[in-house]
Amino acid sequence: MRIDILTIFPEIFDGPFSQSMLKRAQEKKIVELHIHNIRDYSTDKQKSVDDYAFGGGAGMVMMIQPIEDLILKLKSERSYDEILYMTPDAKVWNQQSANHLSMSDNLIILCGHYKGVDQRIRDHYITREISIGDYVLTGGELAAAVIVDSVVRLIPGVLSDETSALTDSHQDGLLSPPVYTRPANHNGWTVPEILLSGNTRKVEEWREEKALERTQKIRPDLLEK
Ligand code: 6GU
């Protein structure tokens, strides 16, 4: 998979993309991450990327020209499954969306800032708009890093067997059951007996029961779906 990220703050991605799973996925050539600075494509003397909103009001709007030039350049080089736009005024991302996008070959992710991008970019180039939750971030970059992480870890070969995505919270619509490791007794805090029994069928039943219990208590909305 190849992911091209369009941003006015490219350095934000240095940390998340150079550690752990995303680092290994790139080393293994399972994913290619390309960060593009929108400002490099601005044709005006001051390298502007934003301008005042028509109709007035506070806040700047990201202008069409540098974003369009960059999108057209990328689209001339390969075909893209989707062009995503990160913005709080969109449908909220979930595990099902991650599963779907993990089957893509090429993706573009545009990160919004200020009051957002000119609506005509959204109307004519964007194929999917994504929010990561009902709160406001300063820009789409951290949200884009979240999307990339949740998608890339689902690509076959990225996770080892022991970190398998199949048993994650949300993958089956439930929260994960509690987990324990050694010691079995820490100053009187003991581990549920069943987990020490070696009976894999009983352990599986116990985990399903606890997952359901936890979901009912913390996220009953997940069960209503
Ligand atoms: Cl994608 N962008 C911004 N700026 N804020 C957000 C968001 C995205 N998702 C939730 N809040």
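The values are calculated or read from the model by the stated rules, or taken from the named source; none is laboratory data. Since the structure is predicted, the reported quantities are computational estimates derived from the model, not experimental observations. Using ideal geometry, Cβ is built from the backbone for each residue, glycine included, and neighbour counts are taken over all protein chains shown.
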Quick one: is Leu174 in the same structural domain as Ile38 (by TED's automatic domain parsing), surrounded by 10 or more Cβ atoms within 10 Å (Cβ to Cβ) and over 24 Å from Asp105 (Cβ atoms)?
no
When you check Arg2 against the structure, is it modelled with pLDDT of 95 or more, over 17 Å from Ile130 (Cβ atoms), of a type outside the set (Asp, Glu) and touching a strand residue (DSSP E or B) at 6+ places or on another chain (Cβ under 7 Å), yes or no?
yes
Restricted to segment 177-224, and to residues that are in contact with a helix residue (DSSP H, G or I) (Cβ under 7 Å, 6 or more places away or on another chain) and among the aliphatic types (A, V, I, L, M), which residue is surrounded by the fewest Cβ atoms within 10 Å (Cβ to Cβ)?
Leu223
Taking the residues in segment 104-152 that are of a type in the set (A, V, I, L, M) and more than 12 Å from the chain's Cα centre (by Cα) as candidates, determine which candidate is surrounded by the fewest Cβ atoms within 10 Å (Cβ to Cβ).
Val136
Please enumerate the residues belonging to segment 27-50 that are outside any loop (DSSP other than H, G, I, E, B), farther than 16 Å from Ala144 by Cβ and not charged (D, E, K, R).
Tyr41
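This table checks each residue for (1) hydrophobic (A, V, I, L, M, F, W, C); (2) surrounded by 12 or more Cβ atoms within 10 Å (Cβ to Cβ); (3) not assigned by TED's automatic domain parsing to the domain that holds Val146.
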{"site": "Gln46", "(1), (2), (3)": "no, no, no"}
{"site": "Gly55", "(1), (2), (3)": "no, no, no"}
{"site": "Gln65", "(1), (2), (3)": "no, yes, no"}
{"site": "Asp69", "(1), (2), (3)": "no, yes, no"}
{"site": "Lys75", "(1), (2), (3)": "no, yes, no"}
{"site": "Ala90", "(1), (2), (3)": "yes, yes, no"}
{"site": "Asn99", "(1), (2), (3)": "no, yes, no"}
{"site": "Ser102", "(1), (2), (3)": "no, yes, no"}
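Is it true that Tyr85 is assigned to a loop (DSSP other than H, G, I, E, B) and within 19 Å of Ile35 (Cα to Cα)? Before you say what the answer is, go through the steps one by one.
Values: assigned to a loop (DSSP other than H, G, I, E, B): no; within 19 Å of Ile35 (Cα to Cα): yes.
Spelling it out, it is not the case that Tyr85 is assigned to a loop (DSSP other than H, G, I, E, B) and within 19 Å of Ile35 (Cα to Cα).
Tell me, which residue of segment 121-161 that is in a helix (DSSP H, G or I) and more than 16 Å from the ligand (Cβ to nearest atom) is modelled with the lowest pLDDT?
Step one: of segment 121-161, the residues in a helix (DSSP H, G or I) are 121-124, 141-152, 161.
If we keep only those that are more than 16 Å from the ligand (Cβ to nearest atom) as well, we get 123-124, 152, 161.
Working: Asp123: 98, His124: 98, Val152: 97, Asp161: 70.
Top of the filtered list is Asp161.
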